[in-house]
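Peer 1: Just dropping this structure here.
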Amino acid sequence: MITYIGTPKIQTNRLILEKFELGDAQKVFDHWISDERVTDNRVSAAHTAVSQTVERVAGIVSQYEKEDFCYWAVKLKGSGELIGEIDLYDFDEATGNCEVSYSLGYRWWNQGYGTEALRAVIEFGFHHMNLHKIAAAHNTDNPASGRIMSKAGMVQEGVVRDMIRNSKGEYKDCAIYGILAGEYFSKGLGDKGFILNVTG
Ligand SMILES: CC(C)(COP(=O)(O)OP(=O)(O)OC[C@H]1O[C@@H](n2cnc3c(N)ncnc32)[C@H](O)[C@@H]1OP(=O)(O)O)[C@@H](O)C(=O)NCCC(=O)NCCS
């Protein structure tokens, strides 16, 4: 049985994960969602007008009242700069399984922030939500995403050919990854303590 506690504030060594606010839209637009270097690795097209982002952020914010909605803004602890997003979604009550996805602004890539955020959310999912499995998929031409999944303890389970068709009409093969609560705890990943605290 999944324990839903919404989107609490999570602190790690260098990051704060917390709810988006309506006023974040311009930063979301400027930092990642209008940037094809980021969005080419996602299914949805880059936003071309900030009004699209305002609508998207409003859609996220309106769902925070639901306990089964887990969608975090990723911020740098020191400056408070909004650098990305990470969410848990597609919760399946029958299995206790769900999926994770994430994006960071290009200027913050390759500094370990993606791994730090993913490790925190996996820890949250297993320690606080009683999840059974967390899965994710990345385009095979986006190896950095697979790398952070591996670093966070996820295991590649296979490759699905032409799994998605992106906004440019291109088919992409996707590598499927997952991590089970059982292996997470038995491998000692649950003892690492990437989360410093969870509040709210
Ligand atoms: C995927 C993403 C979140 C990674 O975030 P990040 O903060 O750059 O990740 P980290 O710095 O923690 O780790 C990146 C790892 O990928 C590796 N990497 C980067 N580019 C790579 C490439 N072209 N090939 C192989 N490995 C690569 C880095 O070397 C690093 O591994 P290391 O620590 O072993 O050296 C970020 O690239 C992103 O937002 N991409 C666009 C959106 C996206 O892909 N979302 C996921 C969809 S599934």
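Peer 1: Tell me whether the stretch 43-64 contains one or more residues that are touching a residue at least 60 places away in the same chain (Cβ under 8 Å), among the charged types (D, E, K, R), farther than 22 Å from Tyr184 by Cβ and out of contact with any His (no Cβ under 8 Å at 6 or more places or on another chain).
Peer 2: No, there is no match, as no residue in the stretch 43-64 is touching a residue at least 60 places away in the same chain (Cβ under 8 Å), among the charged types (D, E, K, R), farther than 22 Å from Tyr184 by Cβ and out of contact with any His (no Cβ under 8 Å at 6 or more places or on another chain).
Peer 1: Of Arg42, Arg37, which residue is within 25 Å of Arg161 (Cα to Cα) and in contact with a helix residue (DSSP H, G or I) (Cβ under 6 Å, 6 or more places away or on another chain)?
Peer 2: Arg37
Peer 1: Would you mind stating whether Gly84 is open to solvent by less than 30 Å² (accessible area, probe 1.4 Å) and away from the ligand (no atom under 14 Å from the Cβ)?
Peer 2: It is false that Gly84 is open to solvent by less than 30 Å² (accessible area, probe 1.4 Å) and away from the ligand (no atom under 14 Å from the Cβ).
Peer 1: So if I check each of Asn130, Asn110, which one is open to solvent by 70 Å² or more (accessible area, probe 1.4 Å), more than 15 Å from the chain's Cα centre (by Cα) and near the ligand (Cβ under 8 Å from one of its atoms)?
Peer 2: After ruling out the rest, the residue left standing is Asn110.
Peer 1: Within the stretch 52-81, take every residue that is over 17 Å from Thr7 (Cβ atoms) and part of a helix (DSSP H, G or I) and give me the one that is most open to solvent (accessible area, probe 1.4 Å).
Peer 2: Glu55
Peer 1: Tell me which residues, restricted to the stretch 1-30, are more than 16 Å from the chain's Cα centre (by Cα) and in a helix (DSSP H, G or I).
Peer 2: Within the stretch 1-30, Leu22, Gly23, Asp24, Ala25, Gln26, Lys27, Phe29, Asp30 qualify.
Yes or no, residue by residue, for (1) open to solvent by 60 Å² or more (accessible area, probe 1.4 Å); (2) away from the ligand (no atom under 11 Å from the Cβ); (3) more than 20 Å from Phe124 (Cβ to Cβ):
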site: Asn139; (1), (2), (3): no, no, yes
site: Ala152; (1), (2), (3): no, no, no
site: Glu157; (1), (2), (3): yes, yes, yes
site: Ser167; (1), (2), (3): yes, yes, yes
site: Glu170; (1), (2), (3): yes, yes, yes
site: Ala175; (1), (2), (3): no, no, yes
site: Ile179; (1), (2), (3): no, yes, no
site: Tyr184; (1), (2), (3): no, yes, no
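Peer 1: If the requirement is being closer than 28 Å to Tyr64 by Cα, of a type in the set (A, V, I, L, M, F, W, C) and more than 14 Å from the ligand (Cβ to nearest atom), which of these qualifies: Leu196, Leu104, Leu189?
Peer 2: Just a single option satisfies the conditions, and that option is Leu196.
Peer 1: Right, something else. Quick one: is Val155 of a type in the set (A, V, I, L, M, F, W, C) and under 20 Å from Glu18 (Cα atoms)?
Peer 2: No: the conditions fail for Val155.
Peer 1: Right, something else. In the set Leu17, Leu22, which member is in contact with a helix residue (DSSP H, G or I) (Cβ under 7 Å, 6 or more places away or on another chain), within 15 Å of the ligand (Cβ to nearest atom) and farther than 19 Å from Tyr106 by Cβ?
Peer 2: Only one candidate passes the filter, namely Leu17.
Peer 1: Would you call Thr48 open to solvent by 10 Å² or more (accessible area, probe 1.4 Å) and of a type in the set (Val, Ile, Thr)?
Peer 2: So Thr48 fits the description; yes.
The values are calculated or read from the model by the stated rules, or taken from the named source; none is laboratory data. Just so it is clear, the model here is predicted, and its values are computed rather than measured. Virtual Cβ from ideal backbone geometry, glycine too; neighbours counted across all protein chains shown. These accessible areas exclude ligands, DNA and RNA; they are computed on the full protein's heavy atoms, side chains included. Shrake-Rupley method; radii C 1.70, N 1.55, O 1.52, S 1.80 Å.
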